[in-house]
1. Being surrounded by 14 or more Cβ atoms within 10 Å (Cβ to Cβ) and closer than 16 Å to D5 by Cα is the filter here; which residues of region 22-45 pass it?
2. Would you mind listing the strands (runs of 3 or more DSSP E) fully within region 28-139 where at least 1 residues are in contact with a Gly (Cβ under 7 Å, 6 or more places away or on another chain) and closer than 16 Å to K12 by Cβ?
3. Of everything in region 74-88, what is surrounded by 17 or more Cβ atoms within 10 Å (Cβ to Cβ) and either charged (D, E, K, R) or more than 12 Å from Y129 (Cβ to Cβ) (or both)? Give them in sequence order.
Amino acid sequence: MKHIDHIGIAVKSLQNTIPFYTQILPLTLISIETVASEKTKVAFLEADNIKIELLEATGCDSPIAKFIEKYGEGIHHIAFQVDSVEKSMKELTENQVKLVNESPKLGANDSLIAFIHPKSAHGVLVELYEKKIAGGDLS
């Protein structure tokens, strides 16, 4: 683990939430994109040396929709940047850490991501985040 890359916050509406972060706090909006693999639309905001990722569900079967239904809006996960998601997953599995994913997925900003199950992280969903991959292709 290198450092915290971002904190993910589940929200019902990016359109209604972004103005609070950009006008009231005021953070800088970096990007908005859809992450098809997670059925989520995300907005990244810059907060000095860490990013805030706002997550909006794009369908009722999205993990974010299920999270909001169960817990309401709020902190969803903490993402740590790693050199290699695959290597990190292997090391964690060898240490009997339960993972949500069996293999890395394509995330926002053409990154590779995987999640540590909250049961293995004392109630916190932890994301492993490998920065942009060449061409955004998993093959």
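1. L27, L29, V42, A43, F44, L45
2. Once the strands (runs of 3 or more DSSP E) in region 28-139 are filtered for at least 1 residues that are in contact with a Gly (Cβ under 7 Å, 6 or more places away or on another chain) and closer than 16 Å to K12 by Cβ, what remains is 50-57, 74-81.
3. H76 - this is the single residue of region 74-88 that is surrounded by 17 or more Cβ atoms within 10 Å (Cβ to Cβ) and either charged (D, E, K, R) or more than 12 Å from Y129 (Cβ to Cβ) (or both).
All of the numbers you see were taken from the coordinates with simple rules; none came from a lab. Note that this is a predicted model, so its numbers are computed, not measured. When we count neighbours, we look across all protein chains shown, and the Cβ atoms used for this are built from the backbone with ideal geometry, even at glycine.
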